[in-house]
Ligand SMILES: Nc1ncnc2c1ncn2[C@@H]1O[C@H](COP(=O)(O)OP(=O)(O)OP(=O)(O)O)[C@@H](O)[C@H]1O
Ligand SMILES: [Mg+2]
């Protein structure tokens, strides 16, 4: 299974090109097109109502819009459940109070989004391609950074947890259990829920990191022939490079006779920064006719390389 992320500045044509490529790929393969953008418009592009999470458009093309608020809520509920089970002995911890505030905490949306993506990649194995249409650059780079950031601090937490267990074991050996009514805290690694959960989390995020950096994952950068688009593309490329994520295609979208000099200028700069990543030009199409109800432009060019 191949995974493709369409990234780029707001309004450059990520959703349009993600939709058109998914459509092109679906002529030969089974494709799932997922919108991660809180302001979904896949339904408008294909002129269908996506009332549930998934909508089968044809035998080979399925659309999916992620409900970020629902995902964040589910994420918090799941975490709250794990916390209350793991820390059941801490009766004083008022979790309900924490969770009513925690939903406003920075980072929750990013974690929820990442969890959602991980779940889709793991679950939707019946497809040959999963094409993701991403939200604005800032949010995209933040959730993509999470697997690396998270494994770094989970490693540290695992180390601390092992030290705690070691100390507990020492105390247990010296002192023994005093009375049968006394709670004996776990000191063996395999009995400690917290350590086991940290190890499991570490594996999940490392797996995800491997998938996102792997051969079958492709990041596509979409831009337009203008200076603002150039600046944001620079930021995105730097972000992907820092995170070790594979940028595999540049798309200059909405090129016309009027802007072709600007297009050449912007392309030259971006290609120089991207070092060897292939470039594809997509022309500015005439808008869909008023009779056609969807917003899918008739894009005649093949958007993705043949060998993807
Ligand atoms: N090749 C093209 N020719 C003509 N119009 C296009 C082309 N590609 C995109 N557009 C139009 O440009 C506008 C923005 O496109 P789109 O919504 O796909 O961008 P986006 O990057 O997904 O935006 P956002 O960041 O808001 O999600 C839309 O009106 C779309 O129809
Ligand atoms: Mg969009």
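The values are calculated or read from the model by the stated rules, or taken from the named source; none is laboratory data. Fair warning: this is a prediction, and the values are worked out from it, not measured in the lab. Ideal geometry is used to build each Cβ from the backbone, glycine not excepted, and the neighbour counts take in all protein chains shown.
Considering only residues of the range 240-258 that are surrounded by 17 or more Cβ atoms within 10 Å (Cβ to Cβ) and within 16 Å of ligand 1 (Cβ to nearest atom), which is farthest from residue 151 (Cα to Cα)?
255
I'd like to know if the range 161-177 contains one or more residues that are in a loop (DSSP other than H, G, I, E, B) and at pLDDT below 85.
Yes, the range 161-177 contains a residue that is in a loop (DSSP other than H, G, I, E, B) and at pLDDT below 85.
Please go through the range 28-38 and give me each residue that is more than 13 Å from ligand 2 (Cβ to nearest atom) and either assigned to a helix (DSSP H, G or I) or more than 20 Å from residue 216 (Cα to Cα) (or both), ordered by number.
none
From the list 57, 61, which residue is under 17 Å from residue 131 (Cα atoms), within 22 Å of the chain's Cα centre (by Cα), free of Cβ contacts under 8 Å to residues at least 40 places away in the same chain and surrounded by 14 or more Cβ atoms within 10 Å (Cβ to Cβ)?
Checking each option against the conditions leaves just 61.
Is there a residue being more than 16 Å from ligand 2 (Cβ to nearest atom), out of contact with any strand residue (DSSP E or B) (no Cβ under 8 Å at 6 or more places or on another chain) and either on the phi > 0 side of the Ramachandran plot or modelled with pLDDT of 85 or more (or both) anywhere in the range 52-61?
Within the range 52-61, one or more residues are more than 16 Å from ligand 2 (Cβ to nearest atom), out of contact with any strand residue (DSSP E or B) (no Cβ under 8 Å at 6 or more places or on another chain) and either on the phi > 0 side of the Ramachandran plot or modelled with pLDDT of 85 or more (or both).
Within the range 278-308, track down each residue that is assigned to a loop (DSSP other than H, G, I, E, B), modelled with pLDDT of 90 or more and under 21 Å from residue 261 (Cα atoms).
278, 284
Which residues, counting only those in the range 207-231, are surrounded by fewer than 19 Cβ atoms within 10 Å (Cβ to Cβ), more than 17 Å from residue 145 (Cα to Cα) and in contact with a helix residue (DSSP H, G or I) (Cβ under 8 Å, 6 or more places away or on another chain)?
226, 227 - these are the residues of the range 207-231 that are surrounded by fewer than 19 Cβ atoms within 10 Å (Cβ to Cβ), more than 17 Å from residue 145 (Cα to Cα) and in contact with a helix residue (DSSP H, G or I) (Cβ under 8 Å, 6 or more places away or on another chain).
Which members of the range 1-24 meet the condition of being part of a loop (DSSP other than H, G, I, E, B), over 20 Å from residue 241 (Cβ atoms) and either in contact with a helix residue (DSSP H, G or I) (Cβ under 7 Å, 6 or more places away or on another chain) or within 6 Å of ligand 1 (Cβ to nearest atom) (or both)?
Matches in the range 1-24: 10, 11, 13.
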